[in-house]
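What follows is a single structure, written as structure tokens, with notes after it.
The values are calculated or read from the model by the stated rules, or taken from the named source; none is laboratory data. Quick caveat: nothing in here was measured; it's all calculated off a predicted structure. Glycine gets a Cβ as well: all are built from the backbone with ideal geometry, and neighbour counts include every protein chain shown. These accessible areas exclude ligands, DNA and RNA; they are computed on the full protein's heavy atoms, side chains included. Shrake-Rupley method; radii C 1.70, N 1.55, O 1.52, S 1.80 Å.
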Amino acid sequence: MTTLLALPYWQETAIKLGVALAVIPTTSLILVYLFLFKMMAFMQSRLGPNDTGPYGSLQLIAEAIKFLQKEDIHPAQADRRVFRMAPVVVLASTFLLYVVLPAGPDAVVQNLDTGVFYAMAVSSLSVLGILMAGWASANKYALLGGLRAAGQLIAYELPLILAVMGVVVQAETLNLQGIVHAQATGEIFGFGAIGNPFILTQFLAFLIFMIAAQAELTQTPFDMPVAETELVGGFHVEYTGFRFLLFFMAEFGTAFAFSALAAVMFLGGWWIPGFDVDDNILNILGPGVMLAKILLVAFFIFWVRFTYPRLREDQLQKFAWKILIPLALANIVLTGIFKVVF
Amino acid sequence: MTTTSDREQMAYVAAQAADARVNVELDTGDMTLNIGPQHPATHGTLRIACKLDGEQVVVAEPIMGYMHRGYEKLCEVRTYPQCTTLVNRIDWLGSFANEVPFILAAERLMEVEAPPRAQWIRTILFELSRIANLSLFLGDMGVQIGALTPVFFAFRDRERVLNQIEEVTGGRFHPNFDRIGGLKDDIPKGWVDETRSVMTKMRTFCDEMEDLLVGNEIFQARCRGVGVIPADVALGHGLSGANLRASGIDWDLRRDANPGLAWDQIDWRVWTHPDGDSFARYWVRLQETREATRIVDQLLDGIPTGPIMAKVPRIIKVPAGEAYVSTENPLGEMGYYIVSKGDLGPFRVKIRTPSFNNISVVPWVMKGVYVPDVITILGSLYFILGDIDR
Amino acid sequence: MGDEQKPEEPSPSDEGREKLLNELSASLGETLIESHLRAHEDLWLRVRVENWSDAVRTARAAGFLYFGFLSAIDWDIAPEGRYEDTEFDEGLTEEDEQPVELDASSGYAGGDSRFQLLAQLYSLERQLGLLLKADVGDDMTVDTIRDIFPGADWHERETHEMFGITFQGHPTLHPLYLPTEFEGHPLRKDFPLLARHVKPWPGVVDIEEIPEHLEAQLEAEVMAAFEAEGGEV
């Protein structure tokens, strides 16, 4: 592999860290503005924010300042230490996800050999934070929300991982860069010009992954943990100001990260057809390609979110255990058979 | 000044209290969850005290009175024309429909009859307020179960109907337009054609709701079989309106006990659904909104000419007597029992509101449902708080 | 609708309600004290308060399955009047201001007590409504009809807190609207309406007097407009 820049280890790490830390708020801002503000408004025949800045693009800055100005309120009976820690834990899980997301041959914070495994593992950390928030708020709505979140996230962790297993079997690696390589160098019946994006061979896995991701992100139709009209916000009902902002950023940061995972594993990642996989120029173009693919995936996530009603908790569990998990298992078996036969 | 030791003491007490509470809640099987008084699903300030076992409701008890304004008492110290201002505010989404039965009851006692033109325009405005009211329900039901988009469509299209009401009456929410013996004013020029085009748009809105919610599998999964009210329970509790018709009972006061408005002169039908669940209630209301647009269309075609007001004395005194007149309002049967002593104002007014009876079925229907179903059922029973508390 | 009821006017008989009255007076027997019928409008029956629940049960057996409402009437004269003693009321004549002294006996189907119970039921088959009345005695106690119509539960609670009538056999007569510690029964006529004490009502007549020289002119204009439309007053 060629390297983009020849820098000492600590400098490279510092740059990567800085970029990653800057990327997370930026990405969640992009998603919020583009989808939550504008797309949702247009779908609901509204205009959305349009006063602050061009097309209301500075509205978010105003929102962020508003959140920062708000008083940091703790409920009187809250478990203060856990209450304060919870949003940080949730956000930490999001930050850790970004470590392995590749945006180019070298544009990755850390190229782990077990990247898929790592991503799945850290993404489920957020359950802990949500449970902590729900429990420490000393609020019954928050408690119900936290418990629902725990039940739901654990139930959907399984189909998520099982769906990814299909990709892993086909790519023969747990390394996310390796999966991009496998797609770039793959061939469809001897035709290799566009590589072999796994969405073609693993379409079932892609669907299961997207549905499970929707549930992992607690987006409608799986948003019972927050459920504004029943639990008035669920686990984060007692949070205000900066702490709420952390939850908010984590929600959209994770949505971005999951879209990125989907883009890497199913849509070919940062590779552009016609380029060599290790071409240095892809370190520059790759992030752009990734961003386009991520926004495409995120568009579907938010489209579903604004369109569908919410399921009930028991229906959601049934859906996970009776439909998604058997399908995901069948997908693995089929992938295995095809892998051996062809 | 609070000393440090004071603060420590308070923190200790709070911590102990928190511990005690947590322990108590862990020990007992049931948890009490107050839905409301301030909760997005209660359209105001209704409180439902639920005893929960896990997420299952053991007992649900509605507690109201947070908005009780004592209209029955206030009506006793007002004159008849002044009362319409009050009753306007009972069901604030379909205000004009509230005035009509009151005025009709007073007219019945006075043995005055509004001229045909006034009756037709009354009926049109009545149906317009039904559409305005029910269209908001059609969208809001989506929000109750998590779909954000329909309610925006509902607000957008309800605005058109409100504009039409405003053009005639001058008020969007509280027209106060009905008078004993007729109406305050005639309809403005060009209004008929505008209303007709609005009705077309409202039918499109109904189609949108059908696509977005009725045909949606998740909506059906959330609503079908949830909150089933059998016919005999519905009758015994005095449920009315779409809630009654969704339980399979073919009863509509517009057809069966028409107090004299123009409904019996046009062609329309009453929609019923045999299931009695939340989905049936939504479906019936959707069909009713559509039917109401058809009713308005037909009424617009045949508005008779003539005066808008019957001859009534300037100072209205209603002869002694009693009358109960009820009409099929957007929410159900809304009736006024007026006792008159031949005075300037009523001696006693009993206001029979639909939501009061409709919500009284809540403790019965909510036994054993899940917390999300509480919201679905509350949404589908469709109450307006001013209509419960009066 | 005017056109609809015109053919009915020559014959004010109301067969459905008369048949119903005959049926019910037969089945109620001694329980029924008095009845009143307004043709094509409503039927009032006054029953003995001891047999209140029986009467309701009889009505239910006669097909009145739909529960409308239950409430009460206080026939007392309000000591405060109608709070109309303000300077703005000069537009009224002497005759207008005369209070009309009437008690329960003036109500339809009569009455001989201060408080009267009132319930409304529907028969879906007959498409008729029925109003039941009962005089509440000095003990202010009536049997509950909650077991016959479950919907009466809340109506009885409301009547209890607003009028102070106790419903025997009702397990949860705690207030529905008022705070638990509230004293008094707001819908009784002797319960003062505090808002009117605090701030006098501007007056009964809120219309401006039309100057005399304009009145005849306006009247003529209105009449001309009516006649131009071809309508009859």
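Here is how the numbers come out for the structure above:
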| quantity | calculated |
| --- | --- |
| From A:Leu162, A:Leu200, A:Leu143, residue being touching a helix residue (DSSP H, G or I) at 6+ places or on another chain (Cβ under 6 Å) and more than 30 Å from A:Arg80 (Cα to Cα) | A:Leu162 |
| Breaking point among (1) surrounded by fewer than 24 Cβ atoms within 10 Å (Cβ to Cβ); (2) within 14 Å of chain B (Cβ to nearest Cβ); (3) at positive phi, for A:Gly195 | (2) |
| Number of the condition not met by A:Tyr239 [criteria: (1) among the hydroxyl-bearing types (Ser, Thr, Tyr); (2) open to solvent by less than 10 Å² (accessible area, probe 1.4 Å); (3) more than 17 Å from the chain's Cα centre (by Cα)] | (2) |
| Flag if A:Asp79 is touching a residue at least 12 places away in the same chain (Cβ under 8 Å) and either more than 30 Å from A:Gly178 (Cβ to Cβ) or surrounded by 17 or more Cβ atoms within 10 Å (Cβ to Cβ) (or both) | yes |
| Residues of the range B:49-78 that turn out to be of a type in the set (Lys, Arg) and within 24 Å of the chain's Cα centre (by Cα), as a count | 2 |
| Candidate set: the range B:361-382, residues that are crowded, with 24+ Cβ neighbours inside 10 Å and not aliphatic (A, V, I, L, M); chosen: the one farthest from B:Ala234 (Cα to Cα) | B:Pro372 |
| Qualifying residue in the range B:321-342 (condition: over 22 Å from B:Val112 (Cα atoms), open to solvent by 10 Å² or more (accessible area, probe 1.4 Å), out of contact with any Lys or Arg (no Cβ under 7 Å at 6 or more places or on another chain) and more than 11 Å from every other protein chain (Cβ to nearest Cβ)) | no |
| Residue in the range A:299-311 that is of a type outside the set (Val, Ile, Thr), in contact (Cβ under 8 Å) with a residue 40 or more places away in the chain and more than 14 Å from every other protein chain (Cβ to nearest Cβ) present | yes |
| Scope the range B:32-45; condition at pLDDT 75 or above and over 14 Å from A:Glu230 (Cα atoms); matching residues | B:Thr32, B:Thr45 |
| Residues of the range A:133-147 satisfying the condition of being open to solvent by 10 Å² or more (accessible area, probe 1.4 Å) and either among the basic types (Lys, Arg) or more than 11 Å from chain B (Cβ to nearest Cβ) (or both) | A:Lys140 |
| Leading residue by the ranking (farthest from B:Glu113 (Cα to Cα)) among those in the range B:297-307 that are more than 7 Å from chain C (Cβ to nearest Cβ) and either open to solvent by less than 30 Å² (accessible area, probe 1.4 Å) or not hydrophobic (A, V, I, L, M, F, W, C) (or both) | B:Asp297 |
| Among (1) more than 9 Å from chain C (Cβ to nearest Cβ); (2) in contact with a strand residue (DSSP E or B) (Cβ under 9 Å, 6 or more places away or on another chain); (3) under 19 Å from B:Ala242 (Cβ atoms) - the single one B:Arg294 does not satisfy | (2) |
| Residue check, B:Gly386 away from chain C (no Cβ under 11 Å) and either buried (at least 24 other Cβ atoms within 10 Å of the Cβ) or modelled with pLDDT of 85 or more (or both) | no |
| The range B:190-240, residues that are of a type in the set (D, E, K, R) and either more than 14 Å from chain C (Cβ to nearest Cβ) or open to solvent by less than 30 Å² (accessible area, probe 1.4 Å) (or both) | B:Asp193, B:Glu194, B:Arg196, B:Lys201, B:Arg203, B:Asp207, B:Glu208, B:Glu210, B:Asp211, B:Glu217, B:Arg222, B:Arg224 |
| Cross-chain or 6+ apart pairs with Cβ under 9 Å, the range A:28-39 first and farther than 13 Å from A:Phe300 by Cα, then of a type in the set (Asp, Glu) and modelled with pLDDT of 80 or more | A:Ser28/A:Glu251; A:Val32/A:Glu63 |
| Given (1) aliphatic (A, V, I, L, M); (2) assigned to a helix (DSSP H, G or I); (3) modelled with pLDDT under 80, number of the condition C:Val205 does not satisfy | (2) |
| Subset of the range B:246-296 that is among the small types (Gly, Ala, Ser) and assigned to a helix (DSSP H, G or I) - its residue that is surrounded by the most Cβ atoms within 10 Å (Cβ to Cβ) | B:Ser278 |
| Of the criteria (1) open to solvent by less than 40 Å² (accessible area, probe 1.4 Å); (2) under 20 Å from A:Phe198 (Cβ atoms), which one A:Pro273 fails | (1) |
| Of all residues making up the range B:188-211, the number that are farther than 15 Å from B:Arg285 by Cα, of a type in the set (A, V, I, L, M, F, W, C) and in contact (Cβ under 8 Å) with a residue 60 or more places away in the chain | 2 |
| Residue list for the range A:87-104, filter: farther than 15 Å from A:Ala255 by Cβ and open to solvent by 10 Å² or more (accessible area, probe 1.4 Å) | A:Val88, A:Val89, A:Ala92, A:Leu96, A:Val99, A:Ala103 |
| Subset of the range C:115-153 (residues that are open to solvent by less than 10 Å² (accessible area, probe 1.4 Å), under 18 Å from C:Leu176 (Cβ atoms) and free of Cβ contacts under 8 Å to residues at least 60 places away in the same chain) | C:Leu118 |
| Helices (runs of 4 or more DSSP H) lying entirely in the range C:1-110 (those with 3 or more residues that are surrounded by 17 or more Cβ atoms within 10 Å (Cβ to Cβ), on the phi > 0 side of the Ramachandran plot and at pLDDT 60 or above) | none |
| Residue pairs meeting the criteria (Cβ under 6 Å; at least 6 apart or on separate chains; first free of Cβ contacts under 8 Å to residues at least 60 places away in the same chain, in the range A:240-269; second part of a helix (DSSP H, G or I) and small (Gly, Ala, Ser)) | A:Ser259/A:Ala298 |
| Scan of the range A:277-299 for residues that are out of contact with any Phe, Trp or Tyr (no Cβ under 9 Å at 6 or more places or on another chain) and farther than 16 Å from A:Val264 by Cβ, ordered by number | A:Asp278, A:Asp279, A:Asn280, A:Ile284 |
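Okay, residues lined up against (1) within 21 Å of B:Ser326 (Cβ to Cβ); (2) within 14 Å of chain A (Cβ to nearest Cβ):
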residue: B:Pro62; (1), (2): no, no
residue: B:Thr85; (1), (2): yes, no
residue: B:Leu93; (1), (2): yes, no
residue: B:Val100; (1), (2): yes, no
residue: B:Leu104; (1), (2): yes, no
residue: B:Trp120; (1), (2): yes, no
residue: B:Ala147; (1), (2): no, yes
residue: B:Phe153; (1), (2): no, yes
residue: B:Val161; (1), (2): no, no
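Let's see how each residue does on (1) hydrophobic (A, V, I, L, M, F, W, C); (2) part of a loop (DSSP other than H, G, I, E, B):
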| position | (1), (2) |
| --- | --- |
| A:Phe83 | yes, no |
| A:Leu91 | yes, no |
| A:Val109 | yes, yes |
| A:Asp113 | no, yes |
